[in-house]
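Heads up, the thing below is written out as structure tokens.
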Amino acid sequence: MGRGSPMLPFDAITFGLALAALVSIVWTSFRVGISPMPSSRKAQKAIISAIPDHTQGLIIDLGSGWGSIVFPLAQSFPLATIRGIELSLIPWAYSRIRAALSGHSNLDIQRGNFQTNSLVGAKVIVCYLFPDRMKSLKSKFKEELEPDTLIVSNTFRLAGWEPEEVIILDDIHQTPIYRYRVPAN
Ligand SMILES: C[S@@+](CC[C@H](N)C(=O)[O-])C[C@H]1O[C@@H](n2cnc3c(N)ncnc32)[C@H](O)[C@@H]1O
């Protein structure tokens, strides 16, 4: 195709869809305060190691993004139900399609806002968010989760709560993975 050739209809559609997907991701990242950046491989391993073997019941990833942590969780904890809650349309749609193809029967990826979704019944909460959101989640955790429920947070701490363990990753940021228990009231 020469330099001055017009864009073919197929190219224009592909370009339009890619642009719409990009705008959707950027717009939702601004709305929720964080992009769908995935947990690193090292963080995934550390998060899994922070959850007791043979855990059963509901494990929720708050903001499951592209599904980087829910898939390894579904693999590592076959007796548990892994629920991802994600607001951003494109990462959610991608992870839903991947979940359908993966054949994991213990994986449930929902589109929604975890701040308005109930966390009642969860045995473990996993998250990779940002300081202000962690702050605002503390009261929700106390209201909706049983005392002693496990919370594993990539990078960001729950200010004012004492972690029962901090795993420091062997990466350039020495990323911390915090493990908390919901305190008894
Ligand atoms: C840094 S990513 C982490 C993705 C995944 N949990 C992981 O560890 O790989 C944070 C995700 O949380 C999502 N998110 C932030 N606030 C949300 C909310 N209120 N409801 C649902 N998803 C939210 C963002 O869209 C983003 O995809």
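The values are calculated or read from the model by the stated rules, or taken from the named source; none is laboratory data. Just so it is clear, the model here is predicted, and its values are computed rather than measured. Cβ: placed from backbone, ideal geometry, glycine included. Neighbour counts: every protein chain shown. Please note that ligands, DNA and RNA were not included when accessible areas were found on the heavy atoms of the full protein model with its side chains. Shrake-Rupley method; radii C 1.70, N 1.55, O 1.52, S 1.80 Å.
Please find, among Arg179, Arg157, Arg111, the residue that is over 25 Å from Ser29 (Cα atoms), under 18 Å from the mean Cα position of the chain (by Cα) and open to solvent by 40 Å² or more (accessible area, probe 1.4 Å).
On the way: Arg157 fails: over 25 Å from Ser29 (Cα atoms); Arg111 fails: over 25 Å from Ser29 (Cα atoms).
When all the criteria are applied, what remains is Arg179.
Could you please let me know if Ser105 is in a loop (DSSP other than H, G, I, E, B), open to solvent by 50 Å² or more (accessible area, probe 1.4 Å) and within 14 Å of the ligand (Cβ to nearest atom)? Talk me through it step by step, then tell me what you get.
Details: in a loop (DSSP other than H, G, I, E, B): yes; open to solvent by 50 Å² or more (accessible area, probe 1.4 Å): yes; within 14 Å of the ligand (Cβ to nearest atom): no.
So Ser105 does not fit the description; no.
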- Task: Kindly provide the set of residues from the stretch 140-157 that are away from the ligand (no atom under 16 Å from the Cβ) and touching a Lys or Arg at 6+ places or on another chain (Cβ under 6 Å), ordered by number.
- Result: Asp148
- Message: Just checking, does the stretch 36-44 include any residue being touching a Lys or Arg at 6+ places or on another chain (Cβ under 9 Å) and closer than 15 Å to Ile125 by Cα?
- Response: no
- Message: Given the condition under 20 Å from Arg31 (Cβ atoms) and of a type in the set (A, V, I, L, M, F, W, C), answer yes or no: does some residue in the stretch 95-104 qualify?
- Response: no
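Tell me which helices (runs of 4 or more DSSP H) are completely within the stretch 1-96 and hold 1 or more residues being near the ligand (Cβ under 10 Å from one of its atoms), open to solvent by 40 Å² or more (accessible area, probe 1.4 Å) and among the hydrophobic types (A, V, I, L, M, F, W, C), or say none if there are none.
Values: elements: 9-32, 41-49, 70-76.
Of the helices (runs of 4 or more DSSP H) lying wholly inside the stretch 1-96, those with at least 1 residues that are near the ligand (Cβ under 10 Å from one of its atoms), open to solvent by 40 Å² or more (accessible area, probe 1.4 Å) and among the hydrophobic types (A, V, I, L, M, F, W, C) span 9-32.
For the structure I just gave you, tell me whether Ser118 is small (Gly, Ala, Ser) and either in contact (Cβ under 8 Å) with a residue 40 or more places away in the chain or farther than 20 Å from Phe141 by Cα (or both). Before the answer, list the steps.
Details: small (Gly, Ala, Ser): yes; either in contact (Cβ under 8 Å) with a residue 40 or more places away in the chain or farther than 20 Å from Phe141 by Cα (or both): no.
Judged against the criteria, Ser118 is not a match.
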- Task: Select from the stretch 93-113 the residues that are within 24 Å of Leu22 (Cβ to Cβ), in contact with a Lys or Arg (Cβ under 7 Å, 6 or more places away or on another chain) and not aliphatic (A, V, I, L, M) and list them in ascending order.
- Result: Gln110
- Item | Looking only at the stretch 120-146, and only at residues there that are part of a loop (DSSP other than H, G, I, E, B) and closer than 19 Å to Ser88 by Cα, the one that is most open to solvent (accessible area, probe 1.4 Å) | Tyr128
- Message: Need pairs with beta-carbon distance below 8 Å; first residue among the β-branched types (Val, Ile, Thr) and within the stretch 36-63, second more than 8 Å from the ligand (Cβ to nearest atom) and part of a loop (DSSP other than H, G, I, E, B); sequence gap 6+ or separate chains.
- Response: Ile51/Phe77; Thr55/Phe77; Thr55/Leu79; Ile59/Ile51; Ile59/Phe77; Ile60/Leu119
